[in-house]
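What follows is a set of notes on a single structure, which appears directly below.
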Amino acid sequence: MCGIFLVNSKNNIKLEKNRCLLAAKDLFNRGPDSFKSEFFLNDKLFISNTVLSITGKLNNNKKLIRSKNKNLAISFNGEIYNYLDLNKKFNSFKTRANKLSDTELLINLHENYSTKNVINKLNGMYAYVIYDIKKKNILIANDPQGEKNLYYYENKNFFIISSTISSILKYLKVYKLNFKTLKNYFYSRHYMPLEETCFNGIKLFPNGIIGNYSLINKKIEIKEYDNPINWISKKKYNFFNKLSENEMINYFEKALIKQLKIMIPNKNFGCIASGGIDSTLQAAMISKIKKAKMNLVVNHHGKDKIIKHIPQFNNYLFPKINILKSNKNIYSKKIKNCYDIVSSPLQTHDLVGRVQTSEVFKKNKCKVFFSADGCDELLGGQQLYHDLYKNIFNYKYNQSPYSSIKNLGINFDNHKVGEYKKKLEKYWKSVFSKYSFLNLKERNIQSSLFTDYFIQSRNVANRSNDLIACNYSIEPRNVYIQKPILKILINLPLKYKINFDNPDKKMIQKPLLKKLFTKYFNEKLILPKEGFSGFPNNMKKTDYLLTKKNLIIKKKKNREKIYKYIDKNNLNRDVNWKFINTENFLERFV
C-alpha cells in the first residue's frame, strides 16, 4: 500500500523543504519500496508518494509518475484490480502489459479521458491526487465503497492532503483537539466521527468524490460521482428473488470467484482464517485459485472458544492455519502503539489483533492479506440482529445500535449531540426511501443493514484496517466489500440475510453465505458466532485527564453515574471501555 502527502502554500511563501520531507517520510511504512517527491510552482507546492510495489515493475524514478505527455503527475494509494484489462482496451502500452503498473495505467487514462469516465471503469480500491501542470489544478478522487481514505487540512497558510492524520500533525507541529467528536463517541457504539476527526481543522474527504483544488484561486470544489445508495435496485432485487436458492448460491459463488481472480496478487500473500464463516470461506475459495503463503488466526486466550475447532478446518485448508497467541499482557503492551497509528481513540477494541496479524504477515514477507470485515453488517450476522428484528418494533426508525445514537446515561456540559444524530438519521432515511419497493419490515431491516456497513463498518473496520495494516507495509484486501459484490449483497432479498422462518436455527442468520460455506466445509463446522476479541476491560481504568483537565466530564456526579450504570446488555462494560479508550488517547496527544 502507498502513502500520499501534498502541501500547498496559500500565501505565496516558499515551503520549508525539510519540513515537507520529514512529514512525508512519516508515511514510509506505507510504502517502503520507493519514495517519490517533487516541489512545483517555485517551491510552493510539494507532492510525495511512498510506494508499496505489488503490480507491474517497480518504477525507481525518484520523481512522481507522469502521464505520457508529462502534463499530469500522480500520487496514488490503492490497487486497480482490472488494470491489465483496462490497458488492453484503452491504452497504448500493450507491449508493456506485464510490466506496466496500475498507477501508470491510471495516469495515462486521465490524460485521454474525462475524470468520471475513467473512475467509472475502475474495479479496485483507490485514493489519489493528480497535479495538472498546465491548468494548475489538483484532482482528488477516492473509491465509493470506502476502503481508501484521504485526510485534509486547510487554513490561511496551507492546504494539506495526506493518507494519515499523523503526517499532517507532524507537518503542523501544533494542533488542537476537537472535543465535539470525542464527546459524540459516547453516544455511538464505536468511534465513528464520519468526515470529522478529533483534531480541529483535519477532516476526511467523503467517499466517492471528485475534488478539484485550484492552485490559482486556492479554492476546492467537491462533487459526488458515485453513491452506494444509488446501487439499490428494484430490478436486481426482483431478479435475485426469482432465482431458486441453489441458483442464487451459484450466482454468488461465481461472482466471488471472478472478483478474487483479479484480486489475488503475484506477490506473497496471506489470509485471515478465524474459523468464522466469512474469513474462512474466503480463504477456502482463494486456496482453490492460488496457494496463500500462510493462513492465520489470533487466539485471545480464554475468550476464543472456536480455537479448539481449528484442527478440523485444516482438513480442508492448505496451508494449515497458524494460531497466533494473545493475552492480557500482550494486549496492554501493543494497544499503546495503536493510538499513534490511528491518531484517535481506537475505532473498536479489537485493533490489537490487527496489529498482531500485520506483524506476522510482514515477518513472513507477505505484501497482501485477505480479511473479511463488513459481512456481518451486510448479511445480518451480528449477534443482536436476530433478537432485535424478530420482535415488533417501530419500523419508521433505525433500530440498529451500530449506526444510530443511543443514550447511555451520559451527560456532558454544554454538548449537544443533535447535529451528529441528524446526520446519521438523514443517511438512514435516504436509504429507507430507496428501498421503497419492499414491505415495511424488510424495508426497515435492509435499510439498517445497509447503513451499518456504509456508516459503521466503513468508518470503523475499513478505516482502521487501512491505517494499521499499511503502517506495517501490508495491504489489506477483502472480496466482500468490492463494488461488484456490494451491488449483489445490498440487493439480496432478506431471506438470504436473516430468514426467521428457517427451521434450522443455525441457518437463520447469513443463510446464503452458510450454504455456500457447506460447499467447501462440513456443515458441522458452522459454529456459534463469537463477538469481537480482545481484553479492553483489563486495561487500567482511569479518568484522570478527562476530569483533571476538564476536557470531557466536568462534574464528578456525572462520572459516578456512569460507573454505576448497569445494564443486561453490558452497557456498563461498553461505557467503561469508552472511558479507558479516550483516556489512553488523551495520554498520547494532550
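The values are calculated or read from the model by the stated rules, or taken from the named source; none is laboratory data. Every value quoted in this text rests on a predicted model; they were computed, and no experiment measured them. Counting neighbours? That spans all protein chains shown, and the Cβs are built from the backbone with ideal geometry, glycine included.
Observations
- Selection status of P265, touching a residue at least 40 places away in the same chain (Cβ under 8 Å) and touching a Phe, Trp or Tyr at 6+ places or on another chain (Cβ under 6 Å): no
- Qualifying position, being of a type in the set (A, V, I, L, M, F, W, C), modelled with pLDDT under 85 and assigned to a loop (DSSP other than H, G, I, E, B), among I552, I562: I552
- Residues located in segment 6-36, provided they are outside any loop (DSSP other than H, G, I, E, B) and either of a type in the set (D, E, K, R) or in contact with a Cys (Cβ under 8 Å, 6 or more places away or on another chain) (or both): V7, K17, R19, K25, N29, R30, K36
- Exclusive hit being farther than 30 Å from V360 by Cβ, of a type outside the set (S, T, Y), in contact with a helix residue (DSSP H, G or I) (Cβ under 6 Å, 6 or more places away or on another chain) and not assigned by TED's automatic domain parsing to the domain that holds T357, set I249, I202, I216: I202
- In segment 133-145, residue farthest from K487 (Cα to Cα) [restricted to those that are in contact with a helix residue (DSSP H, G or I) (Cβ under 9 Å, 6 or more places away or on another chain) and in a strand (DSSP E or B)]: L139
This table checks each residue for (1) closer than 15 Å to E147 by Cα; (2) of a type in the set (D, E); (3) at pLDDT 95 or above.
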residue	(1), (2), (3)
K434	no, no, yes
P476	yes, no, yes
K495	no, no, yes
F500	no, no, no
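- Within segment 90-112, residues that are on the phi < 0 side of the Ramachandran plot sit with their Cβ atoms under 8 Å from residues that are of a type in the set (D, E) and modelled with pLDDT of 95 or more, at 6+ positions apart or across chains, in these pairs: D102/E79.
- Every condition in (1) at negative phi; (2) touching a helix residue (DSSP H, G or I) at 6+ places or on another chain (Cβ under 9 Å) is met by N459 except one, and the failing one is (2).
- Some residue of segment 255-269 being closer than 30 Å to K308 by Cα, touching a Leu at 6+ places or on another chain (Cβ under 7 Å) and not in a loop (DSSP other than H, G, I, E, B): no
- Count of segment 37-68 residues which are part of a loop (DSSP other than H, G, I, E, B) and within 24 Å of E475 (Cα to Cα): 13
- Comparison of L486, L438, L449 shows that the only residue that is among the aliphatic types (A, V, I, L, M), surrounded by fewer than 23 Cβ atoms within 10 Å (Cβ to Cβ), under 21 Å from K396 (Cβ atoms) and at pLDDT 95 or above is L438.
- Count - residues of segment 316-331 that are surrounded by 14 or more Cβ atoms within 10 Å (Cβ to Cβ), outside any helix (DSSP H, G or I) and charged (D, E, K, R): 1
- Residues that are in contact with a Cys (Cβ under 7 Å, 6 or more places away or on another chain), assigned to a strand (DSSP E or B) and of a type in the set (A, V, I, L, M) occur at least once in segment 177-189.
- Residue check, I272 at pLDDT 95 or above and in contact with a strand residue (DSSP E or B) (Cβ under 9 Å, 6 or more places away or on another chain): yes
Quick grid of which residues meet (1) touching a strand residue (DSSP E or B) at 6+ places or on another chain (Cβ under 8 Å); (2) more than 19 Å from P528 (Cα to Cα); (3) outside the structural domain of L256 (by TED's automatic domain parsing); (4) modelled with pLDDT of 95 or more:
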{"residue": "I277", "(1), (2), (3), (4)": "no, no, no, yes"}
{"residue": "L281", "(1), (2), (3), (4)": "no, no, no, yes"}
{"residue": "I286", "(1), (2), (3), (4)": "yes, yes, no, yes"}
{"residue": "I289", "(1), (2), (3), (4)": "no, yes, no, yes"}
{"residue": "N295", "(1), (2), (3), (4)": "yes, yes, no, yes"}
{"residue": "H300", "(1), (2), (3), (4)": "yes, no, no, no"}
{"residue": "D304", "(1), (2), (3), (4)": "yes, no, no, no"}
{"residue": "I307", "(1), (2), (3), (4)": "yes, no, no, no"}
{"residue": "N327", "(1), (2), (3), (4)": "yes, yes, no, no"}
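- Among the candidates L64, L22, L58, residue that is aliphatic (A, V, I, L, M), under 30 Å from the mean Cα position of the chain (by Cα), surrounded by 15 or more Cβ atoms within 10 Å (Cβ to Cβ) and in the same structural domain as N157 (by TED's automatic domain parsing): L64
- Considering residues of segment 147-168 that are in a loop (DSSP other than H, G, I, E, B), surrounded by fewer than 21 Cβ atoms within 10 Å (Cβ to Cβ) and not basic (K, R) only, the residue nearest to the chain's Cα centre (by Cα): N155
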